[in-house]
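Have a look at the structure below, then the notes.
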Ligand code: FES
């Protein structure tokens, strides 16, 4: 059985350490925006908050799971692309995208 689709978002913070982190790069604000977009699209995709996805210098980072694409250096204009990828991923998993 296929695991349900979810969106993993890095919420690691290293504020004041001189090292980049996704919270320092704005991931918390992006979560609010993409949650609203997911709801507007009628998608049932939970957002899973994780501490570091291993690409800290390229944050904010997100990943579609299970085993979906990675997104780095995300900003507000890139969110529609992630929504489109989510929809395509769900269609593929459902077997309706062929
Ligand atoms: S701090 Fe976000 S990927 Fe490491």
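Some observations on this one:
- Taken over region 57-93, residues that are exposed (fewer than 13 other Cβ atoms within 10 Å of the Cβ), assigned to a helix (DSSP H, G or I) and within 15 Å of the ligand (Cβ to nearest atom) amount to 1.
- Check on residue 32, free of Cβ contacts under 8 Å to residues at least 40 places away in the same chain and within 16 Å of the ligand (Cβ to nearest atom): no
- Residues of region 38-51 that are outside any loop (DSSP other than H, G, I, E, B), surrounded by 15 or more Cβ atoms within 10 Å (Cβ to Cβ) and away from the ligand (no atom under 15 Å from the Cβ): 38 alone.
- Of all the listed residues (54, 24), the sole one being in a loop (DSSP other than H, G, I, E, B), within 11 Å of the ligand (Cβ to nearest atom) and in contact (Cβ under 8 Å) with a residue 24 or more places away in the chain is 24.
- Some residue of region 9-16 being outside any loop (DSSP other than H, G, I, E, B) and in contact (Cβ under 8 Å) with a residue 12 or more places away in the chain: yes
Coordinate-derived values only; no laboratory data. Just so we're clear, the structure is a prediction, and the values are computed from it rather than from any experiment. Cβ coordinates were reconstructed from backbone atoms using ideal geometry, including for glycine residues, and neighbour counts include every protein chain displayed.
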